[in-house]
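Beneath this line is the structure, given in structure tokens, with notes to follow.
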């Protein structure tokens, strides 16, 4: 049995602008209603969680202009996803809800307090997706001249997480007494200062609110670089894997197992979910026709790929000849999403080749729900993974096909849960 979640790559933002059937496009994306409907469908399908990406700027890397992202609704505009999650929690009962926070720009005390509050408001179904952010423009929005160097960001994030964890631990179990007979609400001897002083952060503590039902909200992480993997193995409860192909997926899982063991953790302590975007049809022919249309659209949209690669690399790739090999020092100049750009560069030596051949998900899944369910089951057993994170377009068709087509097929195989055994996100992740 494996876990399954949904990755909203546009966060609490405009979803699939211009795509017929997009459930959160036009002005609707700013309201909770489309996400409530989606959460209910995914809970019916017994998904473990929904994860909302986020970013903190309007990018102008591509062509040194904000025109492309704003004109095409690509990565902007976007709301903060964290206030949305309690609303979704009120309308659902079981599905986990994970929102993104940038450790580099959020003080640990504020984050610890926010995390505890959201855990209370979601009845223990909340999780933080921790990112270090990658853009100089994000850094400039927080008063920095440029962003911190890649690996140093993860050193900062590790100290950040250490302090956040200590703040959550500053209240012992049983600190809340609420005894009307004695008049004691909190046993002050069970609430402690943290007196933390590190290289980057300093905090007296204690946290001024009780830890939530999970005590420590679920931690999600997506860094694929060496520093990112080490951070995930140290702190994360679930990790997003974006390796392309069976052998890279197997290698990623093995590497995470090694890193977890080095930190005294078991492989089952951190669930590795690989990104997928299934293409489904009532027949094999219908699914293959859909896949051909998606491939043709991707190949025809070179500019969108150049925009994406500019965003991930932090360099304006419109200045490069798309049919010439990239400069020898190109990889060394990336201070953004290193693992994502590594995937692009493995697909070819020129920008056109990278745009055309780079796989956007871990493995291609095309066919009827029963066929794709069988493939997912076989892949999980072969690579010893923990499951999948769907990254399909947020349209009514794709959500319905997966929630009411693929998920039932997976349940019939016993591949995913048919109900929720526990009340908190952490307990459901650790159930198997």
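One table, with the values for the structure above:
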read-out: Test: residue in region 314-332 that is modelled with pLDDT under 85, not in a loop (DSSP other than H, G, I, E, B) and not assigned by TED's automatic domain parsing to the domain that holds residue 152; value: yes
read-out: Subset of region 361-379 [out of contact with any strand residue (DSSP E or B) (no Cβ under 7 Å at 6 or more places or on another chain) and either within 14 Å of residue 411 (Cβ to Cβ) or part of a helix (DSSP H, G or I) (or both)]; value: 370, 371, 373, 374, 375, 377, 378, 379
read-out: Selection status of residue 162, on the phi < 0 side of the Ramachandran plot, part of a loop (DSSP other than H, G, I, E, B) and out of contact with any strand residue (DSSP E or B) (no Cβ under 6 Å at 6 or more places or on another chain); value: no
read-out: Scan of region 187-231 for residues that are under 30 Å from residue 175 (Cα atoms), in a helix (DSSP H, G or I) and in the same structural domain as residue 127 (by TED's automatic domain parsing), ordered by number; value: none
read-out: Region 101-129, residues that are closer than 11 Å to residue 218 by Cβ and either free of Cβ contacts under 8 Å to residues at least 60 places away in the same chain or not in a helix (DSSP H, G or I) (or both); value: 122, 124, 125, 126, 127, 128, 129
read-out: Tally, over region 23-75, of residues that are in a strand (DSSP E or B) and touching a helix residue (DSSP H, G or I) at 6+ places or on another chain (Cβ under 8 Å); value: 3
read-out: Conditions (1) more than 18 Å from the chain's Cα centre (by Cα); (2) crowded, with 17+ Cβ neighbours inside 10 Å; (3) under 25 Å from residue 145 (Cβ atoms); number of the one not met by residue 78; value: (1)
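The values are calculated or read from the model by the stated rules, or taken from the named source; none is laboratory data. In this text the structure is predicted, and so the values were computed from the model without any measurement. For neighbour counting, all protein chains shown are included, and Cβ atoms are generated from backbone atoms with ideal geometry for every residue, glycine included.
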